[in-house]
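We did not get these values from a lab; they are worked out from the coordinates using the rules stated. Bear in mind the structure is a predicted one, so any value in this text is a computation, not a measurement. We place every Cβ from the backbone using ideal geometry, glycine too, and count neighbours over all the protein chains shown.
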Amino acid sequence: MPQTRKAVGKQWRAPLQSVVTSRPYERVAVDILGPLPETPKENKYIVVIGDYFSRWTEAFPLPNQEAETVAKLLVEQWVCRFGAPRIIHTDQGRNFESRLFKEVCQLLNIYKTRTSPYHPQSDGMVERFNRTLASMLSLFVDDNQANWDILLPYVMMAYRSSVHSSTGFTPYKVVFGKEIVLPVDVMLNLGGGETFSSTSEYVARLLETLSTVVEAVKGHQLRAAVKQKADYDFRAHFQYYSEGELVWVRGKVRKRGLCPKLQRRFKGPYQVTERITEVLYKLVPVEGGTEIVVHFNRLKPCLASNLTHSDMFGNCLKDI
């Protein structure tokens, strides 16, 4: 079954699909980091909620990742403080795909999107933050790593007060229109700031500042998105698949006890039943089976003229 092993020329890769939002809390991403070492408070997971526009991110320690726990936290700790977002983006974890979580989104009129399997790049913002958070916590945890939940608020303060490359501002300033007063500022008697004669004057000045910051963030994000897309698309190798066309799907699961280098890289063939978006396709095995949704980057054309009997009807549909 040569097509299940070999790549065909240059690897197929779709152009970058940039996400540019227009205001804070319009689109947020939710993810779970863990399991981590259990703390004395019995926490083992961190629920991360990040705003795509301001890059303001919250991280909450939790003892479990059940759908009810995550949904309750989302409503009480995010929606009750910042309001309901228009869009929530998650991976395909059971907690996020549960009926309860979907009903909460429907109740709050939130449109829910999700990543495709084995393609975490579509949730790149929160995935990068998770790596940053784990790295920052690793620098300060104790020897048994059991105090990470105590350190979490301090690490988050450091993150929110740091300039983000995609906005050009700190998340704190994008949200509040001013920089946070850090403990070191108090110790050094810095950052006294201006005074206001009335609440109305403060609100008017804050509105002016936030308007300036938001417009600057929009321009900065747009320029960054254009540059990232140009750099990424330079290496893109793309084509559209039509309904009924046959494709192979790059496998990610490896069998224990077998050498990965000698296992087949692709499974299938599959038939395209629908192009959902620019980069997502619905597929069904040619021998029949469950319909799946796959990102373009995991596909390659199935050269029907070179198909052998074993390619079509052998064991190539098994997870590899």
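Structural remarks
- Shown for CYS80, CYS105, CYS302: other C-beta atoms within 10 Å of each C-beta, ranked fewest to most, produce the order CYS80, CYS105, CYS302.
- Under the Karplus curve 6.51 cos²θ - 1.76 cosθ + 1.60, θ = phi - 60°, whole-Hz ³J(HN,Hα) for segment 67-75, x wherever Gly or Pro sits: 4, 5, 5, 5, 5, 4, 5, 4, 5
- Averaging the Cα positions of each part gives two centres, and for segment 135-192 and segment 36-101 these lie 20 Å apart.
- Label sites at SER166 and GLU278, each approximated as a point 7 angstrom past Cα along Cα to Cβ, lie 1.6 nm apart.
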